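Data first, discussion second: the structure below is written as structure tokens.
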Amino acid sequence: MSRLPRHARGVAFDVGSTTVAGHLCDLHTGEVLASAGAMNPQIRFGEDLMSRVSYVMMHPGADRELTDAVRGCLNDLLGELCATAGLETTDVVEVTLVGNPIMHHLVFGLDPTELGGAPFALVTDRALRMPARELDLHVHPGARCMPCR
């Protein structure tokens with residue numbers, strides 16, 4: 001986006017293995033408009049990261065289940081954040097995600113299997129920038145999603 005709308009909003013997510021936190025911000029002033037958190041629903045596939053990678057290794061297609069679970073959590077938090085601030089989720093034009101490599105892979109729909117053993121190879125070591133709609137996030141149709149590396 002070359003220029004932000006006058007009332008541009010963004011959400012920063014910290015996707016942890018136990019909890020997911022979100023902060024809704026005014027992109028012009030930097031003011032935090034709302035904050036919320038939730039348990040990471042992936043915990044049902046394993047309490048720790050390596051258990052989740054093992055689950056993916058033993059159950060074909062399970063990486064999609066874990067991806068769907070965490071994306072559902074992100075959308076739930078988007079709804080909560082926007083409701084708290086009196087906004088619509090479509091008011092969000094930027095999404096930033098941070099997390100460890102396994103969480104990063106699962107949010108972006110990348111297979112984390114290679115992270116389950118040495119040499120712990122990443123599918124990509126680049127910051128992925130893509131339309132938020134590719135992550136099934138219920139935000140502005142033109143919103144971008146950018147992870148921190």
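Every condition in (1) open to solvent by 30 Å² or more (accessible area, probe 1.4 Å); (2) within 14 Å of Val20 (Cβ to Cβ) is met by Leu106 except one, and the failing one is (1).
Out of the residues in segment 27-43 meeting the condition of being more than 13 Å from the chain's Cα centre (by Cα), modelled with pLDDT of 95 or more and not hydrophobic (A, V, I, L, M, F, W, C), tell me which one is least open to solvent (accessible area, probe 1.4 Å). So, considering only residues that are more than 13 Å from the chain's Cα centre (by Cα), modelled with pLDDT of 95 or more and not hydrophobic (A, V, I, L, M, F, W, C), the one least open to solvent (accessible area, probe 1.4 Å) is Ser35.
Put simply, of Thr124, Thr89 the only residue that is free of Cβ contacts under 8 Å to residues at least 60 places away in the same chain, of a type in the set (Val, Ile, Thr) and farther than 25 Å from Arg9 by Cα is Thr124. Counting the residues of segment 125-146 that are open to solvent by less than 30 Å² (accessible area, probe 1.4 Å) and outside any helix (DSSP H, G or I) gives 5. Taking segment 68-84 as the range and being out of contact with any helix residue (DSSP H, G or I) (no Cβ under 7 Å at 6 or more places or on another chain), within 11 Å of Leu24 (Cβ to Cβ) and surrounded by 16 or more Cβ atoms within 10 Å (Cβ to Cβ) as the test, the residues that pass are Leu77, Glu80, Leu81.
The values are calculated or read from the model by the stated rules, or taken from the named source; none is laboratory data. A quick note: this is a predicted structure, and the numbers were derived from the prediction, not measured. All Cβ positions, glycine included, derive from the backbone under ideal geometry; neighbour counts span all protein chains shown. Areas reflect the complete protein model, heavy atoms only, side chains present, ligands, DNA and RNA absent. Shrake-Rupley method; radii C 1.70, N 1.55, O 1.52, S 1.80 Å.
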